[in-house]
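The values are calculated or read from the model by the stated rules, or taken from the named source; none is laboratory data. All of these numbers come straight from a predicted model, not from anything done at the bench. With ideal geometry, Cβ positions are generated from the backbone for all residues, glycine too; neighbour counts draw on all protein chains shown.
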Amino acid sequence: MSGNVLLAAVMGAQGLKGAVKVKTFTADPEALSRYGVLHDVSGRRYEITAFRTGKPGEAVISFKSIATREAAEALRGTELFVPRDALPAPDEDEFYHADLVGLEAYDAQGRLIGKVSALHNFGAGDVIAIQRGDDDILLAFTRETVPEIDIKGGRILIAVPEYDEDTSGHPHVE
């Protein structure tokens, strides 16, 4: 398991007194304020002093020691993390993205497809990215496509349609 979990990313300054608008990656945006001190990739710590929700998936946060619009604007793009052990254990059939990234992906015949490189949501549901060589294969992250997840074993099972290439090089789904 990863040591840190990404909870939010700073979108920019909000107002003149150092508040920032963030994109939240928590199921409940208000949960962000309950995890205590956040940190960035360099280890800089951010203590929340004020919090309010905004649009869905967004919040406005004030941090101790960030008191000007300029200081807040300098945080644009900063990713905010908490230690993995600060989060509650997920329910059965729930997973933290950080726990899935890096797992090896196998097909039903036991062949290694690649490694989980990311999970995305472009608006139509979760998508799992499997890195294979220099490319990522993007698949719907559903029970049908990913029927087994074994975090302790470091692997997932991917159910993908079989295909053969015809003479023109185009895949044919069987």
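Matching residues to (1) buried (at least 17 other Cβ atoms within 10 Å of the Cβ); (2) of a type in the set (S, T, Y); (3) under 14 Å from the mean Cα position of the chain (by Cα); (4) not assigned by TED's automatic domain parsing to the domain that holds M11:
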{"position": "A74", "(1), (2), (3), (4)": "no, no, no, no"}
{"position": "E92", "(1), (2), (3), (4)": "no, no, no, yes"}
{"position": "E104", "(1), (2), (3), (4)": "no, no, no, yes"}
{"position": "Q109", "(1), (2), (3), (4)": "no, no, no, yes"}
{"position": "L119", "(1), (2), (3), (4)": "no, no, yes, yes"}
{"position": "G125", "(1), (2), (3), (4)": "no, no, yes, yes"}
{"position": "A129", "(1), (2), (3), (4)": "yes, no, yes, yes"}
Checking the structure you have, find out if any residue of the range 94-101 is closer than 26 Å to L38 by Cα, among the hydrophobic types (A, V, I, L, M, F, W, C) and touching a Lys or Arg at 6+ places or on another chain (Cβ under 7 Å). yes
Looking at V82, V10, which is the one that is in a strand (DSSP E or B) and at pLDDT 95 or above? V10
Of all the residues that make up the range 76-90, how many are hydroxyl-bearing (S, T, Y) and more than 16 Å from the chain's Cα centre (by Cα)? 0
Can you find even one residue in the range 164-171 that is in a loop (DSSP other than H, G, I, E, B) and either at pLDDT 80 or above or among the aromatic types (F, W, Y) (or both)? no
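Residues checked against (1) without any contact (Cβ under 8 Å) to a residue 12 or more places away in the chain; (2) crowded, with 16+ Cβ neighbours inside 10 Å; (3) polar (S, T, N, Q); (4) under 30 Å from R143 (Cβ atoms):
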site: G18; (1), (2), (3), (4): no, yes, no, no
site: L32; (1), (2), (3), (4): no, yes, no, yes
site: G36; (1), (2), (3), (4): no, no, no, no
site: R44; (1), (2), (3), (4): yes, no, no, no
site: E47; (1), (2), (3), (4): no, no, no, no
site: I61; (1), (2), (3), (4): no, yes, no, no
site: T68; (1), (2), (3), (4): no, no, yes, no
site: A98; (1), (2), (3), (4): no, yes, no, yes
Take the range 16-34 and flag every residue that is of a type outside the set (D, E, K, R), more than 12 Å from V5 (Cβ to Cβ) and touching a helix residue (DSSP H, G or I) at 6+ places or on another chain (Cβ under 9 Å). L16, G18, A19, V20, V22, T24
Among the residues of the range 1-33, the number that are hydrophobic (A, V, I, L, M, F, W, C) and closer than 13 Å to V82 by Cα is 8
Find the residue count for the range 63-104, including only residues that are farther than 30 Å from G15 by Cα and not aromatic (F, W, Y). 19
